[in-house]
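Visitor: Dropping a structure here in structure tokens format, bear with me for questions.
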Amino acid sequence: MIRFAPIIGLKTKVSTYTSGTAQTHTTQAGTIGMWVRCVGPGGGGGGAAATAGGQISSGAGGGGGGYSEKLIIAPAVSYTYTVGQKGTGGSAGNNAGNAGSANTTFTDGAGTTLTGGLGGAGSGSAATGGLVFTNGIPSNQGTASGGDINISGSSGTSGWSLAAGGQAAAGAGGGSVFCPVTGPSNLGNSDGGA
């Protein structure tokens with residue numbers, strides 16, 4: 001997602017882009033500044049294999065997207081932007097999810113480039129028995145750059161299982177500036193929400 005608010009005299013108008021690859025944003029005449037926010041897409045969580053008696057499986061969560069924000073004074077005439085789309089969750093079985101489609105970027109091509117990086121995919125998980133703490137490998141978080149404020153997303157977490165007790169938790173999806181993760185969860189982000 002890209003949200004920007006051009007400043008025209010004493011007026012502002014907020015606009016939001018939720019899709020687009022290498023699209024052009026034309027700065028409105030009279031704009032003296034723009035406040036731009038770029039949010040990278042989240043990655044999809046991993047799938048989990050079918051289990052038999054005494055086995056448990058739980059995939060890892062996808063990584064959260066990065067966030068970049070900047071106040072641009074005396075903006076350029078036009079900018080090129082790309083809005084990355086969220087990754088999808090892994091299909092049933094020991095299958096990794098999908099990373100976000102692309103970084104979210106907003107650039108004038110001459111020195112101003114904001115980037116909200118894409119979150120990585122969570123890994124899938126095989127069925128296991130016994131005590132297992134890493135049923136899925138944590139995903140990479142989206143990074144951020146170019147803004148006055150840059151905040152990386154957080155990594156997704158590994159799933160875990162305790163076959164002897166019949167307990168398991170899917171990996172939690174990584175958080176972003178708009179949806180922080182405050183601790184382990186058994187509610188994984190399997191669809192790569194942004």
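Visitor: Residues of the range 13-120: accessible area per residue at 1.4 Å, in Å²?
Guide: With the other protein chains kept in place, the range 13-120 gives 41 Å² per residue.
Visitor: Accessible surface of residue 91 in the full protein assembly, 1.4 angstrom probe, to the nearest 10 Å²?
Guide: 70 Å²
Visitor: Whole-Hz ³J(HN,Hα) for each residue in the range 98-115, computed from phi via Karplus 6.51 cos²θ - 1.76 cosθ + 1.60 with θ = phi - 60°, x for glycine and proline: what do you get?
Guide: Here the 3J(HN,Hα) series is 10, 5, x, 6, 6, 5, 8, 9, 9, 9, 9, x, 10, x, 9, 9, 9, 9 Hz.
Visitor: Roughly how many percent of the accessible protein surface of the range 1-78 is carbon and sulfur, given a 1.4 Å probe and a whole-percent answer?
Guide: Reported share for carbon and sulfur atoms: 57 percent.
The values are calculated or read from the model by the stated rules, or taken from the named source; none is laboratory data. Just so it is clear, the model here is predicted, and its values are computed rather than measured. Heavy atoms of the whole protein, side chains included, go into the accessibility calculation; ligands, DNA and RNA do not. Shrake-Rupley method; radii C 1.70, N 1.55, O 1.52, S 1.80 Å.
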